[in-house]
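Everything below concerns the one structure shown next.
What follows draws every value from the coordinates through simple rules; no lab data is involved. Because the structure is predicted, anything quoted here is derived from the model rather than measured. Neighbour counts run over all protein chains shown; Cβ positions are idealised from the backbone, glycine included.
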Amino acid sequence: VSLVLVIDDELAMRTMIERIVRMDRHEVLSASDGNQGLALCLAHQPDVVITDIIMPDREGIETIREIRAAQPSVRIVAMSGAPTLNGVSFLEIARQAGADAAVQKPFRPAELIASLRPAAN
Amino acid sequence: MPRESGLVTRAVTTPTPRPKRQPSPAPVSESTSRHLAGRLQFLDLQPIKDRYKGDWEQTSARIDRLVRMRIERHLAPGDVCHRVRPTEHVIVFAGLSTDAAQAKCELITREIAQAILGDSDADELPIDVKLLPIPADTNIADADALGRALSKAEQDEAQKQPHVGSPENVANCADPPPPTFSYEPMWRPGRGVICSYRCRASFESEPSSLQRDFAVLAAATKQARRLMLEGRTLVIGVPVAFESLARYNERREYMRLLSELPQPARKLLVFELGALPEGVPQSRLQEIVGPIRQHCRAVIAELPSRVTTVKNLQDAAIAAVGIDLGADECAAEQSLFEQMARFCGVAGRARLPAYARGVSTLSLAAAAASNGFDYIAGTAVMMPLDEPRRIVRFGLTELYRPRA
């Protein structure tokens, strides 16, 4: 059992991810923006962070950078439904910023669970 | 005190011919009890002497012609111009408001300085501008009578001023510093470039919207000329308030200044109509947009984010619509996210490109790009520049590049 932190500003999406993660027998913390997520991350030191990219009050890429700097060993999964701009996607930038995996929204539960596994198991 | 020179002597012995459009000496505005006279005075001729070495007699004659031509280009029917003193020209304006007359005088002095010393050194030539009301019964066709009326107006004004001497009075009498201009890069996320720059003016004390708009126009046209000469194809955004163009006289003057720009330079300008009154009839909008549209690349409009339809703007040939996210400094980012999504939907339904200004955080920039805004500007994208320089490749990688 691992501790997973879910950061997403959309309540419906956050609830769905929490459910998927719990089904895979992990404990879950959740935050609705990057600032809150960063605070929870520093306080609870989760094993995995799943974060959205487009969020108010500190968006995903900044959050990933900060978390990676504070906790180099944490596994970070970025997720986004944002389009590719001029051939570059937000998820590519997330990987460059320190994300270990990236999941394009909408995703299947198995995809999300697979992205957790290397660290969660 | 102005330094007298050879330029002066020649001018005194050879009176300045009157402009071609010299009107009859009838009062300029019969509905008012006074005329509005703009006095342009060279405060220091030394920069000219330093630049044009050699025969000062010839130089002064050339400068004299050049100054006269620059002023005459700006005279509207009914305006009168005289050289009342060797280093001093006075223009009597027909039917211009104080703000418009002030803006016009400043534009003329800038053009004169640029014509004499070139764009880069124009600031070195001090030319004082002063607007003075003179009695309506002044015979404005007579330079001497005009000079006397001006002297009287100056004396009257001096009597109204508090006595100088105390530091606060000295500070009050000082001319306000000229505005500074900056150019806000507009990122085009879909193309991954910055090729448009929006002109902004900063004043020490808040001017009227008309003064601001004329100053911005003057700065933007100067940059457009430069870009044209350098063969660059950047676009300059020129904000202008709806109310500045709502009155016929001001609109005519604005259009005249714009029409003086060469056609290729005009094609580098995009006018951004701001502060549109709610429910403005489409015919009125067309009346305002139509004349500008002929002299520029496009006309766009900045709107409050609460608008629910922009169909009337599309029908009035508005080419894009935008919002200023920085307008409400207290707004939470979550609410700005919602405003952006809503506004993009409104613009999309009318098939108009959308832009967002005042994007101050990466969250807003990312959300704006993700929502589909066609142009995004603000400090989160790039800080304003002192002048538009070149097309910049700018994509998500550059947006997220760590900055100092």
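Between 0 and 90 degrees, rounded to the nearest ten: what's the tilt of helix B:143-160 against the longest Cα principal axis of chain B?
The two axes meet at around 70 degrees.
Restricting to Cα pairs below 8 Å that are 6+ residues apart, what does the relative contact order work out to for chain B? Please round to a whole percent.
14
Could you work out how far apart the two model spin labels at B:GLN286 and B:ASP44 are, taking each label as a point 7 Å from the Cα in the direction of the beta carbon, and quote it in nm?
5.4
Calculate one ³J(HN,Hα) per residue across segment B:182-193 by plugging θ = phi - 60° into the Karplus curve 6.51 cos²θ - 1.76 cosθ + 1.60, and present them in order as whole Hz with x for glycine and proline.
With coefficients 6.51, -1.76 and 1.60, one gets 9, 10, 8, x, 10, 7, 10, x, x, 9, x, 9 Hz.
Applying 1/(1 + (r/R0)^6) with R0 = 56 Å to the Cβ-Cβ distance of B:THR233 and A:GLU27, what FRET efficiency is obtained, to the nearest 0.05?
0.45
Does chain A come out rounded, prolate or oblate, given a ≥ b ≥ c as the square roots of the eigenvalues of its C-alpha gyration tensor, rounded meaning a/c under 1.5 and, failing that, prolate meaning a/b above b/c?
It comes out rounded by the Cα gyration axes.
Give me the extension gain from B:LYS311 to B:GLU387: residue separation times 0.36 nm, minus the current Cα-Cα distance, reported in nm with one decimal.
Stretched out fully, the B:LYS311 to B:GLU387 stretch lengthens by 23.9 nm.
Subtracting the Cα-Cα distance from 0.36 nm times the residue separation, let me have the gained length for B:SER97 to B:ALA275 in nm, one decimal.
62.0 nm
With everything on Cα atoms, drop me the angle between helix B:56-73 and the longest principal axis of chain B, reported from 0 to 90° to the nearest 10.
Relative to chain B, helix B:56-73 is tipped by roughly 50 degrees.
How much mean residue ellipticity at 222 nm does chain B get from its helices, if each DSSP H run of length 4 or more adds -39500 (n - 2.57) and you divide by all residues, to the nearest 500 deg cm²/dmol?
-12500 deg cm²/dmol
Can you give me the angle between helix B:98-117 and the longest principal axis of chain B, using Cα atoms only, in degrees from 0 to 90, rounded to the nearest 10?
Orientation of helix B:98-117: about 80 degrees from the principal axis.
Taking a cut-off of 29 Å, what percent of all Cα-Cα pairs in the protein assembly as shown are separated by more than that?
Beyond 29 Å sits 62 percent of the P(r) for the protein assembly as shown.
Please build a GNM for chain B, connecting alpha carbons under 10 Å apart, and tell me which residue among B:GLU333, B:GLU88, B:GLU72 fluctuates the most.
B:GLU333
Pull up all non-local amide H partners of A:ILE76: gap of 5 or more, or a different chain, and H-to-H distance under 5 Å with H placed in the peptide plane.
A:VAL49, A:ASP100, A:ALA101
For a quick check, take a GNM of chain A with Cα springs below 10 Å and name the residue from A:ALA97, A:ALA39, A:ALA31 with the largest mean-square fluctuation.
Looking only at A:ALA97, A:ALA39, A:ALA31, the biggest GNM fluctuation is shown by A:ALA39.
Which of these, A:GLU27, A:GLU62, A:GLU111, has the largest mean-square fluctuation under a Gaussian network model of chain A (Cα springs below 10 Å)?
Of A:GLU27, A:GLU62, A:GLU111, the Gaussian network model singles out A:GLU111 as fluctuating most.
I want to check the label-to-label distance for B:ALA332 and A:MET13. Put each point 7 Å from Cα in the C-beta direction and report it in nm to one decimal.
In this crude spin-label approximation the distance works out to 1.8 nm.
Report the antiparallel proportion of the DSSP beta bridges in chain A as a percent, rounded to a multiple of 5.
Rounded to the nearest five, the antiparallel share is 5 percent.
From other protein chains only, count the Cβ atoms within 10 Å of every residue's Cβ in B:333-339, then give the mean.
3
Evaluate E = 1/(1 + (r/R0)^6) for B:GLN58 and B:GLU204, where r is the Cβ-Cβ distance and R0 equals 35 Å; express this FRET efficiency to the nearest 0.05.
0.30
Going through segment B:297-386, which trypsin sites (Lys or Arg not before Pro) have at most 13 other Cβ atoms within 10 Å and a DSSP loop state?
B:ARG306, B:ARG351
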